[in-house]
Amino acid sequence: MEGKSSNRELQSIVDAIGCSEVVESRIQLLDKLGDLEISEKSDFACLLQCLANLWEDYTCLDVIQCMLNKAILEVAVKHLGSGLSSCPAQYLELGTKASIWCGKHLKMTLMSTEESQEEEHSKLFFELLFNLLSFSAASFSALARYPVTVNQLSMNSIEKFILEQLSLTKDLVSEFKRIQLYGSEALKVSQEVIDSVIRLCGVQAGAVNWGSYDERFEDKNGIDCEVINVKDCVINIIKHAIEKLCEMGIIAADGGGSLVAILNLSWKGVVTLLQLGEGILAVKMNISDILVTLISLVNESIRCASEAWNSTLKETVSVTEARRTFLPIKFYLINAVKISSLYPCQAYLVYKELTFCILKISTFRISMCKEKLLKTASEVFTELLEKTSYDLLNPILISDQVKQECKFEILDCLFFHENDANLISGCLDECSRNTSINGSQVLPERGAMLLGRVALFLNFLRYSVDSEEDTRVGISRKLGWFLDLFVNEEVYSSILILQLPVSYGSGKTVEVIWQPMFSFLLNSLQTFLIVVSSSLAWMEVESFLLENLFHPHFLCWEVVMELWCFIARYAEPGMVNGIVNKLCSLLKFLASAESVFNPCSALRRLARFISMFLSFGAQSLVDQVINFIVGDERSAESSIVRLALLMEGFPLNLLSDKIRSITTQKVLTDYFVFVESFDEKSIRAGNNGFFGVPVFTLSASLQSLQINLSDVDVKTLKFLVSIIHSYKACADKLTKNHCRKLLSETLGIISNMKHLYASDEMEEVVFELGKLFISGPAATDKELYQCKPDLALFMAGLAHMHIPETDKNPKTSAAWQLYHMLLRERHWALIHLAITAFGYFTARTLCNELWRFVPHNAALSYDLESGIEAKEERFMFELKAFLDKERALHTITASSDQLELLAREGLMLKKLFQKLSAINAETAGCKSMDVDGENRSMEVDGEKQCNKKRKLPDGISKGMELLHSGLKVISDGISQLQQHQLSSIELNKFLTHFSRLEDQIAQLVGLTGND
């Protein structure tokens, strides 16, 4: 026995223990050691040496040794406080040795328990194990009450002791499922160890002056002074503690609900310890790995939830089950957010893992929204994870430590253009596969992923108030990318029909409301406009709005218009006035007689925008525009501009009373002057491309100005008859074109004047229309087809006219024949207009024999599959369904058929958009100029000039011809397939992929120059 004690009684007991070979005797002697009063350092050294030697005596595992070791621990616990203060290194070495021994024999005990039932031995061992861990926790608590130790040996002992205790605790936690009998005690002591280690590390870190590197410490007597690198020692202790806590957190995450306490304590402990050291831990350990670990736990949880609900789901997921599934995900995310906030630069190193994680979360959310049985789960998911998932990247994006280009790189990784998809498509495809609910999946996986990106971008817009300037600029630059996504047929269909759960409020007041995706999209964009209105990002937003003022895709245009109208309503008056003045000047510049009658011309599109913009502005703005136009009334441009605005719904009803009265009087005066002077001579005189402006003006302003019915008298009916006669009589194409336009507009005017249908002159009008459209030479005129939409409006008004139900009345026969003609139309738009008109007529007319108005071969009488067999019963069924459409529209749940139809519509719009974009690009890319009498092509960018195309090798040209031929054959096959069978999800998927193939080949054609 090394060393002699100054305490004779202590020394005699130690000597007796050394001489005794009977374990029971040693246990009795150990009881006496526990009762001794010890104060000298040498005595504690002797005691601890004795206890350490006793622990080494037995290497086999049996009941006797467990009893002996238990007695040793009891002695150590009784002298805990004094022993740690006198001989900390020796005391901790004893605990370290005991931990190593228990860790080794824990596995042996579990193995022996499986092979044979040694319950007494197992019980004694676990009592010893729990006593040891309680001793360890008490030791950590005692160490926390003392100053930082003064020598390297003590610091090393503390580090090794903590490492071994945490290793033993981790082993115990990992075997929790196999020791259910002692589960509660195991959890209790494990929590005690973890909690005490965390507090000890905090005390150690608080005693270090992190501003200097070396520290000089004195012992408690102020005698010995030793310079040691305490900072590195404390950092190593914290580092090892964090590593072990991470390992326990991973084990607890896989341990189910029984280890929730360990899960919470371990990961919260990691976050707590990472806050120590004033950031020095960033260079001492790999913070990024911890973040990746948490993200992997999130991904795994989402994968498990997706698989669990993918095929076995038969009933609605309850709130309780959803919260049990999603709360751990939120816990991992919150801790990851906290770590990212502490170490944003280290978080940036793994930004790809972070971005893919939140993309998976967003995609999973969209997938759940499309499944009825997951409606409740999607609400819980939104409440718990919508804001938290956004916060995962926010610490990096708002940090001053991260450079602006790095923040833009993160946004590029999340919101990249389809042309760059090959850079990270593998990860995104994996994201889609792991997060989609395939049991009732309507859209392809790629579509779900795109919608996930859309929903994620909306969250960035919605929560932009929490972002900083760099991020707002980056998001502003992505608005064009975001708008381009709407062209995708899958995104297009979902935006129009999908409903999303949206959270409002914060904390305990969070409320989840289901909202149409289109409404949520607009609200998010409007929120972003407000946030960036007074920042540098506004320049980017304004450029985006101006560039897309005439976007060729209608949904994109609608969204941009909504944003402009939002600006008109809420922006500063000075800003709005400036915009309106510039637009009016541009409108006059674009004015031309040809463009005013072309709905797709720049003049009409700009007039449409101005009219919509003014509808949401102040009344003074509307007066301002009218004064601007009328102020130069004599010029032809003013008349053209006024007509263009009126045809595009200029808000005349918002004019002040005085100006509205003046405008109304002028419109009516001009109209009656024109009607009274109308004849063939005036038609020929007006062949300048701008004829009949008063008629068009009245037709466009009829609703807005609320013109008195008596102001438009029977002269209008006579005027319509004159137009019909002129149309039949005129020979030149230009004159017929003028008459046809006047015919349509006049029919529209009359359809709004119900009192005119009671006039005697109406009989002649109906008769003349019958001769024009049915029996006369003009009935075969293809151009007359353009008048049928307005004719349908006119025919609806026949409900206010007395129609004798006899074959001998020419008026009655003409009405029947006109309705027969309209109801036989096969174009979907004309079918809609005709059935709407007929529905209005049937609901109000006094006629009883309505069957006379319906032809046997009406379009809605044919069956949908073959389109050959026609039945009257089918027409009545379709008519009833159409008349009941308002009640049917109360259903807001999206069905697979609705999504499929919208996706097909979106595909057609996408092709049209691509054609228009290609034409615009070609027009903008090159311009012609005469050089030395030759017309040569010169590229605008000035990089290249060419006089002729280079001839491509024969192989490439032949290959392109084969590709074109193959596409045509496939397209013909698709047309036949659509004609002979109902569309299906599989067909929709095929059409989607075929569309992408066409896009790629079109790009290839553009590169090769093949036409």
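Go through (1) surrounded by fewer than 20 Cβ atoms within 10 Å (Cβ to Cβ); (2) among the hydrophobic types (A, V, I, L, M, F, W, C); (3) closer than 29 Å to D412 by Cβ for I366 and report which single condition fails.
(1)
Go through region 79-93 residue by residue and tally those that are modelled with pLDDT under 70 and assigned to a helix (DSSP H, G or I).
7
What number goes with the only condition from (1) surrounded by 15 or more Cβ atoms within 10 Å (Cβ to Cβ); (2) in a helix (DSSP H, G or I) that Q515 does not pass?
Going through (1) surrounded by 15 or more Cβ atoms within 10 Å (Cβ to Cβ); (2) in a helix (DSSP H, G or I) one by one, Q515 breaks only (2).
Within region 476-512, how many residues are assigned to a helix (DSSP H, G or I), hydroxyl-bearing (S, T, Y) and surrounded by fewer than 19 Cβ atoms within 10 Å (Cβ to Cβ)?
1
Restricting the search to region 226-275, which residues are of a type outside the set (V, I, T), over 28 Å from A305 (Cβ atoms) and modelled with pLDDT under 90?
Residues satisfying the conditions are E226, N229, K231, D232, C233, N236.
Residues of region 237-277 being without any contact (Cβ under 8 Å) to a residue 40 or more places away in the chain and not in a helix (DSSP H, G or I), which ones?
Of everything in region 237-277, those that are without any contact (Cβ under 8 Å) to a residue 40 or more places away in the chain and not in a helix (DSSP H, G or I) turn out to be D254, G256.
List the pairs whose first member sits in region 812-836 and is without any contact (Cβ under 8 Å) to a residue 24 or more places away in the chain, whose second member is assigned to a loop (DSSP other than H, G, I, E, B) and of a type in the set (A, V, I, L, M), and whose Cβ atoms are under 8 Å apart, counting only residues at least 6 apart or on separate chains?
Correct list of pairs: T812/I803.
List pairs: first residue in region 628-645 and under 21 Å from N577 (Cα atoms) and of a type outside the set (A, V, I, L, M), second residue surrounded by fewer than 21 Cβ atoms within 10 Å (Cβ to Cβ) and modelled with pLDDT of 85 or more anywhere in the structure, Cβ distance under 8 angstrom, at least six positions apart or on different chains.
From residues that are under 21 Å from N577 (Cα atoms) and of a type outside the set (A, V, I, L, M), the pairs are F628/N581; F628/C584; S638/K588.
Select, from S503, S494, the only residue that is out of contact with any Asp or Glu (no Cβ under 9 Å at 6 or more places or on another chain) and small (G, A, S).
Within the list S503, S494, the selection yields S494.
Counting only residues that are exposed (fewer than 14 other Cβ atoms within 10 Å of the Cβ), touching a helix residue (DSSP H, G or I) at 6+ places or on another chain (Cβ under 9 Å) and outside any helix (DSSP H, G or I), how many does region 525-546 have?
1
So in region 133-147, with the set limited to residues that are under 13 Å from A207 (Cβ atoms) and surrounded by fewer than 20 Cβ atoms within 10 Å (Cβ to Cβ), which one is modelled with the lowest pLDDT?
Among those that are under 13 Å from A207 (Cβ atoms) and surrounded by fewer than 20 Cβ atoms within 10 Å (Cβ to Cβ), it is P147.
Does A815 qualify as being at pLDDT 85 or above, part of a helix (DSSP H, G or I) and touching a Leu at 6+ places or on another chain (Cβ under 7 Å)?
Answer is yes for this residue.
Pull out all pairs, ordered by first then second residue, where Cβ-Cβ is under 7 Å, the residues are six or more apart or on different chains, the first lies in region 750-763 and is at negative phi and among the polar types (S, T, N, Q), and the second is modelled with pLDDT of 90 or more and not in a loop (DSSP other than H, G, I, E, B).
Pairs that qualify, where the first residue is at negative phi and among the polar types (S, T, N, Q) and the partner is modelled with pLDDT of 90 or more and not in a loop (DSSP other than H, G, I, E, B), are S751/L793; S751/F794; S751/A796; S751/G797; S759/L717.
Suppose the filter is part of a helix (DSSP H, G or I), modelled with pLDDT under 90 and surrounded by 14 or more Cβ atoms within 10 Å (Cβ to Cβ); does G447 pass it?
Against the criterion (part of a helix (DSSP H, G or I), modelled with pLDDT under 90 and surrounded by 14 or more Cβ atoms within 10 Å (Cβ to Cβ)), G447 qualifies.
Give E939, E878 a once-over and let me know the one that is among the acidic types (D, E) and at pLDDT 65 or above.
E878
May I ask you to say which residue of T316, T382 is of a type in the set (V, I, T) and touching a strand residue (DSSP E or B) at 6+ places or on another chain (Cβ under 6 Å)?
T382
Quick one: D790 ticks every box in (1) surrounded by 16 or more Cβ atoms within 10 Å (Cβ to Cβ); (2) over 20 Å from K771 (Cβ atoms) bar one, so which box is it?
(2)
Quick check on A792: is it in contact with a Leu (Cβ under 7 Å, 6 or more places away or on another chain) and on the phi < 0 side of the Ramachandran plot?
yes
The values are calculated or read from the model by the stated rules, or taken from the named source; none is laboratory data. Predicted model only: the values in this text are computed from it and were never measured. Neighbour counts are summed over all protein chains in view; Cβ atoms, including those assigned to glycine, are modelled from backbone coordinates with ideal geometry.
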